[in-house]
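Taking it in order: structure first as structure tokens, then the write-up.
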Amino acid sequence: MTTRITLERHGHVLLIGLNRPEKRNAADFTLLQELAAAYGELEHDSELRVGLVHGVGDHFTAGLDLADIGPRIAQGGLDFVPEGGIHPWQVEGKQLSKPVVIAVQGTCFTLGIELILASDIAVAAESTQFGQLEVSRGILPFGGATLRFPRAVGWGNSMRWMLTGELFDATEAHRIGLVQEVVADGEQLTRALELAQKVAAQAPLAVQALLTNARSAIREGEAAAEAGLQPALRRLAQSEDARRGIESFLRKEPVTFVGR
């Protein structure tokens, strides 16, 4: 049976592919379950340092498969995270401690934008079309767009697209800061993997501490983040990776980090 999510390891990077191309990778309940399980694997496997989410085929995702998901929502919610999994949109439950890079192309609607907003770096093919379409379907975004879109791109920029439900292109997505790079069609996954591998080559404990502190500043305020800086720095300074980093600097040699 074809799986809805493909997993492929490139060193310390886990490629997570949305694999329902015949439906433009629209997310049914099974896809959501498998995606949450993949995020759990990324979190719990110590050999994995970075996730890279992409779409198999011509599109990233057309959003929710409402024929499958709609009745479930109406009946009392959408609980799709299996044991050991992590909510891909990070709106509840355990938070992912490792960075995620996203590569998008073709159609990137609704939950696709929300996956970008819950990730750390996004690369888009130049012909990608984006849309936060929920208001035109009688619902509201529930994967984090109402929380993160205004924070990421500004109130007016986010409301311009969320309140109208209109589509926008990769140039606009880059202008407002939703994506960090726009590349030629077909190059988005290659470029995203390059970035993911660069992140994976850094000291993983330091990368995770940086993410934790930055997210703390957003969620709890600058005072909370400032209070956590020195304790985190002391822990990192005692790590083997910190020793390796200093030695490589003094010797002017490349460094390989081990995550300890």
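The values are calculated or read from the model by the stated rules, or taken from the named source; none is laboratory data. Since the model is a prediction, treat every value here as computed from it, not as a measurement. Reconstructed Cβ throughout: ideal geometry from the backbone, glycine too, with neighbour counts over all protein chains shown.
With respect to Glu240, determine if the residue is over 21 Å from Asp45 (Cβ atoms) and surrounded by 12 or more Cβ atoms within 10 Å (Cβ to Cβ).
No; evaluated as a whole, the condition is false for this residue.
Quick check on Thr171: is it out of contact with any Lys or Arg (no Cβ under 8 Å at 6 or more places or on another chain), more than 22 Å from Ala62 (Cα to Cα) and of a type in the set (S, T, N, Q)?
no
Being without any contact (Cβ under 8 Å) to a residue 40 or more places away in the chain and buried (at least 16 other Cβ atoms within 10 Å of the Cβ) is the filter here, so list the residues in region 197-209 that pass it.
Ala206, Ala209, listed by residue number.
So which helices (runs of 4 or more DSSP H) stay within region 132-236 end to end and still have 1 or more residues that are within 30 Å of Ser248 (Cβ to Cβ)?
Where helices (runs of 4 or more DSSP H) fall fully within region 132-236 and carry at least 1 residues being within 30 Å of Ser248 (Cβ to Cβ), they are 188-200, 204-220.
Could you please find all residues in region 1-28 being among the polar types (S, T, N, Q) and over 18 Å from the mean Cα position of the chain (by Cα)?
Correct list: Thr2, Thr3.
Look at region 118-147 and say how many of its residues are touching a helix residue (DSSP H, G or I) at 6+ places or on another chain (Cβ under 6 Å) and either acidic (Asp, Glu) or modelled with pLDDT of 95 or more (or both).
9
Check Ala170, Ala201, Ala237, Ala223 and return the single one that is of a type outside the set (Lys, Arg) and in contact with an Asp or Glu (Cβ under 6 Å, 6 or more places away or on another chain).
Checking each option against the conditions leaves just Ala170.
Considering each of Gly221, Gly165, Gly186, Gly156 in turn, give the residue that is on the phi > 0 side of the Ramachandran plot, without any contact (Cβ under 8 Å) to a residue 60 or more places away in the chain and either under 16 Å from the mean Cα position of the chain (by Cα) or assigned by TED's automatic domain parsing to the domain that holds Arg49 (or both).
Gly165
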